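The values are calculated or read from the model by the stated rules, or taken from the named source; none is laboratory data. Computed from a predicted structure; not experimentally measured. As a convention, Cβ positions derive from the backbone with ideal geometry for all residues, glycine included, and neighbour counts pool all protein chains shown.
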Amino acid sequence: MLARFNPSLTLPATGLFVLLLGSLALPAQAAVDVGDSSAEYSDHLAATHGVAGLGYEVRNTHFTVDDLQKMQDLQKRNAETLDSLNKIINDQARAIEELKRNSSSGSSSNSSELSSLKRSVSDQGRSIDKLSREVDDLKRSSSSSSSASDLSSLKRDVSDQKSDLNNLKRSVDDLSRKVK
């Protein structure tokens, strides 16, 4: 039975040379014929095996040209998948770094704004308390009409201050919710 090989797919050049030299010494029924036709998908790949003192034997690998093609296709798909996954990982790493930068800069600016607003609310609260005490003092000491006008003016100031304080409290609460 004659075996046909495509040297470009099955044997390296030196292996082919050794195979041809070995085939010259083989009996006629075991000769190897090297043809020009292309290998078919179901053709098995051959391997040479060195036998001590006897030369080389050609053995069937039970590995077909189709198996080799499937391995190449799988390797190509795996490489494409790996490239795609690496791109996704790099994009996610950039997004995480950007979020970290935005988070740290955003939280510090929001925190400083919140602290500033809390100080303003506290200052306004103290001002309202002071004005309330002054009103109380004026009530006790007032007996003239000019004191009454001062008193109503102070009451308006206290009312305005309370309104401003309530607005500031709402702003602080809104900012606190946004920061959390």
Failed item, numbered, when Ser104 is tested on (1) at pLDDT 80 or above; (2) under 16 Å from Lys178 (Cα atoms): (1)
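With the requirement that a residue be among the small types (Gly, Ala, Ser) and either in contact (Cβ under 8 Å) with a residue 12 or more places away in the chain or part of a loop (DSSP other than H, G, I, E, B) (or both), what does the range 33-63 give you? Full working, then the answer.
Our first condition is that a residue be among the small types (Gly, Ala, Ser); within the range 33-63, this holds for 35, 37-39, 42, 46-47, 50, 52-53, 55.
Across the range 33-63, the qualifying residues are Gly35, Ser37, Ser38, Ala39, Ser42, Ala46, Ala47, Ala52, Gly53, Gly55.
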Unmet criterion (only one of (1) over 21 Å from Ser176 (Cβ atoms); (2) modelled with pLDDT of 80 or more) for Ser141: (2)
